[in-house]
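Here is the structure we will look at.
What follows is calculated from the coordinates using simple rules that are stated; it is not laboratory data. Since this is a predicted model, take the numbers as computed values, not measurements. Heads up, the Cβs are rebuilt from the backbone with ideal geometry, glycines too, and the neighbour counts pull from every protein chain shown.
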Amino acid sequence: MTLTLVALGLLAVGSFVLKAAGPVAAAGRQLPPRVRAVAELLPAAMLAALVVTQTLGADGGLVLDARIVGLGAAAIAVALRAPFPLVVLVGAGVTALVRLGGWG
């Protein structure tokens, strides 16, 4: 077994232990209402931050290319209450079409 595989295994176990620590520590107790309210908002905020950094950021700067057009199309699909798989397909399809047209 190589050192890389050992390190990978240790990281996997460590990740599992850290993820299991939260539910074990809570052990059926209710979070305070303010903490619960913030915890419910965190996934959406993290996803939004990921989308923005992956769409607009490259090489430490702001980049406007075909991805922003695809993101705009996906946002319109969300506003029209399209199902999530369709939103993804619209965003990817529009981005592909814009790139096919030669931009980005």
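Which is the longest stretch in the chain that no exposed loop site breaks, taking sites as trypsin sites (Lys or Arg not before Pro) with a DSSP loop state and at most 12 other Cβ atoms within 10 Å? It works out to 30-80. Of the listed values (1) 0.98; (2) 1.14; (3) 1.38, identify the label whose number matches Rg/Rh (Cα atoms, Kirkwood Rh) calculated from this model. Calculated Rg/Rh (Cα atoms, Kirkwood Rh): the matching label is (2).
Only Lys, Arg, Asp and Glu carry charge here, each on its Cβ (+1 for the first two, -1 for the last two); on that basis the chain has a dipole of about 360 debye about its Cα centre.
So what is the relative contact order for the chain, in percent, with contacts set as C-alpha pairs under 8 Å and at least six apart?
19 percent
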